[in-house]
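A short write-up of the structure that comes next.
The values are calculated or read from the model by the stated rules, or taken from the named source; none is laboratory data. Bear in mind that the values here come from a model prediction, so they are computed numbers and not experimental data. Note that each Cβ is placed from the backbone with ideal geometry, even for glycine, and that neighbours are counted across all protein chains shown.
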């Protein structure tokens, strides 16, 4: 086709129509639902930047998180920008009462898009789904304690499991042991 | 001390501080002041999250003085459970209480030893001994059971397949298996069905610059002070000072695992 001679007018016409195509095409892609996964009631909804440019996060978040995972588990470096707990604390939604909604819940941030992309995660079998310090995932200062029990270390009210460990501390007597063997 | 073959170079005399100890102190920038022999003040300002990978300059360990460990006291167990979210485990329906107590994940157990001849009772907390040569690491088929550079033996639960070989291999019965789905888990202690876990010397605290475990802290606060936590590689650190003072042993010394947790009075 290099031999074909186009008049300057033709060239301009082709150029314009190509430019139009690109513009219109770009417009359609933009109008399609990319993004919009940030949920209302999350900290992220009040910000306009993720930890990396948004399109990069869409494409590569799994790589970043996986890298962070090894950095934390093997090298002991925590709380850096790709930490999973960071994603949770910024992206988890809250209901009208301010109670956090689990981030992997149906339609929530980590679930909605994955459902669409047919990705299943088991990360939240283990990882907390609500931000640290909220709901049951609390880091709060204990009420002043009068007992000799360790107080300063308890940053979450001890749950009522009064005999905790006591059973383990006691050597079951012979009768009890035999009874357990029979069970 | 001659019978303790595996003691981490305790013979290094205090007059010749090891270079790496100096490096460790300089690197950490920890301001410590020796007030009186054995009393060391750490400034609170050291609590900063680490930004460089852990190294083998430090090796974390403990000395547990069984003479100070009180019968019936469970302060260390409770503090551990609280710190690591172990108290958030729910008892499954219809499980017998004793069976559940045996099966639920526990990182520290209070153990009572009785000498049958004399009848003498000894109390001690038993947890992962953080061996230098950990059998649990040797048997792991996926490499999930590993020893971190600073001597902490732990499980990478992202690669753990739940085969439980490590539980069989551990001479201390230190590991637990999570049998049930866990509903509530703390951010600092993820936990879920199908993986093995054990004491990690409160690794999240250490990485954030705090140099004490929940159990040692609770034991000090309860007034018993039976657990001393510290760096086995620092000849002048509180742990090595304490190890120089009292006669200590490793449990199952015969296995030559060079445990990081030492016991006095057994």
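Selection of segment B:80-103 for residues being surrounded by fewer than 20 Cβ atoms within 10 Å (Cβ to Cβ) and in contact (Cβ under 8 Å) with a residue 12 or more places away in the chain yields B:90, B:91, B:92, B:103.
Residue check: residue A:81 meets all listed conditions (1) farther than 30 Å from residue B:151 by Cβ; (2) away from chain B (no Cβ under 12 Å) but one, namely (1).
Within segment B:148-179, being within 16 Å of residue A:122 (Cβ to Cβ) and in contact with a helix residue (DSSP H, G or I) (Cβ under 7 Å, 6 or more places away or on another chain) holds for B:156, B:157, B:158.
Of everything in segment B:50-75, what is within 9 Å of chain A (Cβ to nearest Cβ) and either on the phi < 0 side of the Ramachandran plot or in contact with a strand residue (DSSP E or B) (Cβ under 6 Å, 6 or more places away or on another chain) (or both)? Give them in sequence order. Even if it seems obvious, please write down each step before you answer.
Residues of segment B:50-75 that are within 9 Å of chain A (Cβ to nearest Cβ), as a first pass: B:50-54, B:71-75.
Once the filter is applied, which keeps residues that are within 9 Å of chain A (Cβ to nearest Cβ) and either on the phi < 0 side of the Ramachandran plot or in contact with a strand residue (DSSP E or B) (Cβ under 6 Å, 6 or more places away or on another chain) (or both), segment B:50-75 yields B:50, B:51, B:52, B:53, B:54, B:71, B:73, B:74, B:75.
With B:218, B:242, B:234, B:189 as the choices, which residue is part of a helix (DSSP H, G or I), touching a helix residue (DSSP H, G or I) at 6+ places or on another chain (Cβ under 8 Å) and either more than 9 Å from chain A (Cβ to nearest Cβ) or closer than 24 Å to residue B:48 by Cβ (or both)? After ruling out the rest, the residue left standing is B:218.
Do you know which of the residues in segment B:132-147 that are part of a helix (DSSP H, G or I) and out of contact with any helix residue (DSSP H, G or I) (no Cβ under 6 Å at 6 or more places or on another chain) is farthest from residue B:175 (Cα to Cα)? Ranking the qualifying residues of segment B:132-147, first place goes to B:138.
Every residue, every condition in (1) within 12 Å of the chain's Cα centre (by Cα); (2) at pLDDT 90 or above; (3) closer than 23 Å to residue B:51 by Cβ, yes or no:
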{"residue": "A:29", "(1), (2), (3)": "no, no, no"}
{"residue": "A:33", "(1), (2), (3)": "no, no, no"}
{"residue": "A:54", "(1), (2), (3)": "no, yes, no"}
{"residue": "A:92", "(1), (2), (3)": "yes, yes, no"}
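Total residues in segment B:148-173 satisfying the condition of being buried (at least 18 other Cβ atoms within 10 Å of the Cβ) and within 14 Å of chain A (Cβ to nearest Cβ): the figure is 10. Return yes when residue B:113 is closer than 23 Å to residue B:262 by Cβ and surrounded by fewer than 20 Cβ atoms within 10 Å (Cβ to Cβ) and no when it is not. Considered against the rule, which asks whether it is closer than 23 Å to residue B:262 by Cβ and surrounded by fewer than 20 Cβ atoms within 10 Å (Cβ to Cβ), residue B:113 comes out as yes.
Which residue, of B:129, B:181, is in contact with a strand residue (DSSP E or B) (Cβ under 6 Å, 6 or more places away or on another chain) and in a loop (DSSP other than H, G, I, E, B)?
Only one candidate qualifies: B:129.
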